[in-house]
Every structure is written in structure tokens, then in C-alpha cells.
1. Please go through segment 86-123 and pick out each residue that is part of a loop (DSSP other than H, G, I, E, B) and either of a type in the set (A, V, I, L, M, F, W, C) or open to solvent by less than 30 Å² (accessible area, probe 1.4 Å) (or both).
2. Please verify whether segment 225-232 includes one or more residues that are on the phi > 0 side of the Ramachandran plot, in a strand (DSSP E or B) and within 10 Å of the chain's Cα centre (by Cα).
3. Among the listed residues MET62, MET83, identify the single one that is over 30 Å from GLN190 (Cβ atoms), surrounded by 15 or more Cβ atoms within 10 Å (Cβ to Cβ), modelled with pLDDT under 90 and touching a Lys or Arg at 6+ places or on another chain (Cβ under 7 Å).
4. Which one of the conditions (1) modelled with pLDDT under 90; (2) touching a Lys or Arg at 6+ places or on another chain (Cβ under 8 Å); (3) open to solvent by 10 Å² or more (accessible area, probe 1.4 Å) does TYR294 fail to meet, given that it meets all the rest?
5. Identify the single condition in (1) open to solvent by less than 80 Å² (accessible area, probe 1.4 Å); (2) at pLDDT below 90 that LEU169 does not satisfy, given that it satisfies every other one.
6. When you check ASP246 against the structure, is it open to solvent by less than 50 Å² (accessible area, probe 1.4 Å) and at pLDDT 90 or above, yes or no?
7. Restricted to segment 297-320, and to residues that are of a type in the set (A, V, I, L, M) and touching an Asp or Glu at 6+ places or on another chain (Cβ under 9 Å), which residue is most open to solvent (accessible area, probe 1.4 Å)?
Amino acid sequence: GIFSGSLCSSRCICSCQPHEQSYNFLIQSLESMVYASISSNVTLPCLVQHSSGMMSFGSNGMRVKWTKLGADESLDEDVLTSMGFHKKSYGRFEDRVFLQDTHDEDASLVITDVSMDDMGRYRCEVINGMEDTIQEWISIQTCRLNITIFSPPPGVVFPYSPPVGRYNLNFHEAEQACLDQDAVVASFDQLYEAWRGGLDWCNAGWLSDGTVQYPITKPREPCGGANAVAGLRNYGLRDKDTSLFDVFCFASALKGEGFPERLTYDEAVQACLDDDAEIAKVGHMFAAWKLQGYDRCDAGWLADGSVRYPISTPRKNCSPTEAAVRFIGFPDKSQKLYGVYCFKAQQ
């Protein structure tokens, strides 16, 4: 246990040519792959960006159509159509789907109470149906919806960057960085579950499959755009030797006991050793915070030279807005301003 002393984007630009005026649309799919679990709700993204003065698809004459694609065209299923205030869902999707419609350019589809039958490929299409225009479908890259059943092992995902600053780890260095914190590089499923649990982090990090992603629960401009849907932002596969990012690590459950200290970094390391313990690693702290509700409003040294403290119950002067592991930084190790977090495994 841990204790403390004093611690997928695709874009297609198309053009409609009316008799008197030209309308240019940018249709973009923010994700080419979307994941959901059974009985959950899922959003399939479809955003439309257009020039000022042009009609939105919410206006009369602009139509949105969602289709679930079959093995061939004869097996395609109509999911939903929308034109202005008139919306209709079809078949087994009736009363289970609707447009997210968070703004005039959002044609994203929300599917509720997801079942295994919903897995497959979907297409979002927009058509200009005005009488004085040439009717032309404007389509985007299809989205594939994967349905997964998660039984994740107990543990916690946490983002990690080295003392030299963010975006300084290639994949192999990221693996070692997680090992140094008694953790491993997180898998996609582990990061997805962490996102479902509320993890929101705007720095991209390596995952075990060699992709680089980051989880967003509160869309905002610096993190993919304020109008983007919540989810995992995916940079795709990157060169494991030359690409530099942070990393998402996964630490499993821990057990142990602890004692207090307040020392310089070197004194803190020795104090833990003197008590048959070791100075705690970042993975130890996140696991204790997430899995055991560890809460301590004292900043303390960790093995990587960082200073952090875990808050499970937000309160004044102690992470008042959210439960979190708070990060102070990598201070001068000769400073005697912080406590220490130690870890002793139960035998």
C-alpha cells in the first residue's frame, strides 16, 4: 500500500452547384472507429462545416440520412432521416436513435440501449434538396461501431510524462517509464474504461498497441474543438522509434501499510528504506487513490522526483473542484519542503 508523511479523422470536400449560387460543404468524420458496450449509449460523429450565409442542415431543404450498411446494398438498413423539424427513425432503430444536434452543424447520431445487433458500419449522408439546385449527395467516410463486453481487471489508468517535460517519450521509453512506476503501458480497452469513468486528459499518449490517443469527456477548443464529440481522440499508429508523446500507464491493485515523514528527496528515500519500505512510485499513488480511496492533503516526494498528493474527497485548499492526484512538479531535490509517500507490499 501507499502512505504519506507530510505526499480518426477523414475529410471530404464536395460542392453543390445550384442555378444561381454555389454552396461548398466540408463534411468530416472525427472517428472512423467507435466503441460501445452492451446497453450503453453511443454517438457516431458527423459534423458539417460551411461558409457564413449558407443554410445549415437544420433548415428546410437540407436532409440528413443515416444508414446501417449491409454485406451488399440490398441489405442496407435505414436508421434515421431528418429534414428540418421532420425526423423519422426506422425498424428496430425506432425510438432508439436521434440526432445529437448540439449545434447547427452537428448531424451526429446517438444510439441508445446498444445491442450486439447494432455492431457494423454506418454512413452519414447530407443532401441539398432545394428545388433550384442540382440534387447531390455529400457523403463521408463510414464509421464502424464495435460492441465490446468489458471485464477489466482492477486497476487504474494514469497519464505520465517524464521530468524533462511532455512529449518526450518514444514507445520504448514509454514502456520503461511505466515499468519504472510499477505499471505497464495501458491498452485501448483500459483507456476506454477510464474515459467512461470520467478520465479527461488533453495530452496525447502511447497505448500498448502502438497507437497514440487521449480521452476527452469535456470537449473544448485546445482538445480537438469545442464542437467535437466526447471520446478518445486517436492519432493512429506512430513510429515507435522517432515519434515522441506522453504515455498512459496502467497499475493494478495494491496492498500495504505506511508511515509519515517530511524530508529532502534523498532523506525521504532513506527513511522509507529504514522502515523496510520503498519510496512510492506514481503507479502506487494512482492505484491507492483510485482503488482504495486514498486521500491525503499533503504534497510528498515520489520515486521519480515528482511531488504529488491524492484527493478522493474534494475540499477547500485540497483540490476543491474534483477528486484527483494533484501534481506539484519536479522541484529541487535538496528542498526540505515536502513529505514523502512510501510503499510497503504485504507479504
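1. Matches in segment 86-123: ALA107, SER108, VAL114, MET119.
2. The answer is yes; a qualifying residue exists.
3. Answer to the check: MET83.
4. Of the numbered conditions (1) modelled with pLDDT under 90; (2) touching a Lys or Arg at 6+ places or on another chain (Cβ under 8 Å); (3) open to solvent by 10 Å² or more (accessible area, probe 1.4 Å), the odd one out for TYR294 is (2).
5. Failed condition: (2).
6. Against the criterion (open to solvent by less than 50 Å² (accessible area, probe 1.4 Å) and at pLDDT 90 or above), ASP246 qualifies.
7. Ranking the qualifying residues of segment 297-320, first place goes to ALA303.
The values are calculated or read from the model by the stated rules, or taken from the named source; none is laboratory data. The structure presented is a predicted model; accordingly, all values stated were derived computationally and were not measured. So basically every Cβ, Gly included, is an ideal-geometry build from the backbone, and we count neighbours across all protein chains shown. These area figures cover heavy atoms from the full protein model, side chains too; ligands, DNA and RNA do not enter into them. Shrake-Rupley method; radii C 1.70, N 1.55, O 1.52, S 1.80 Å.
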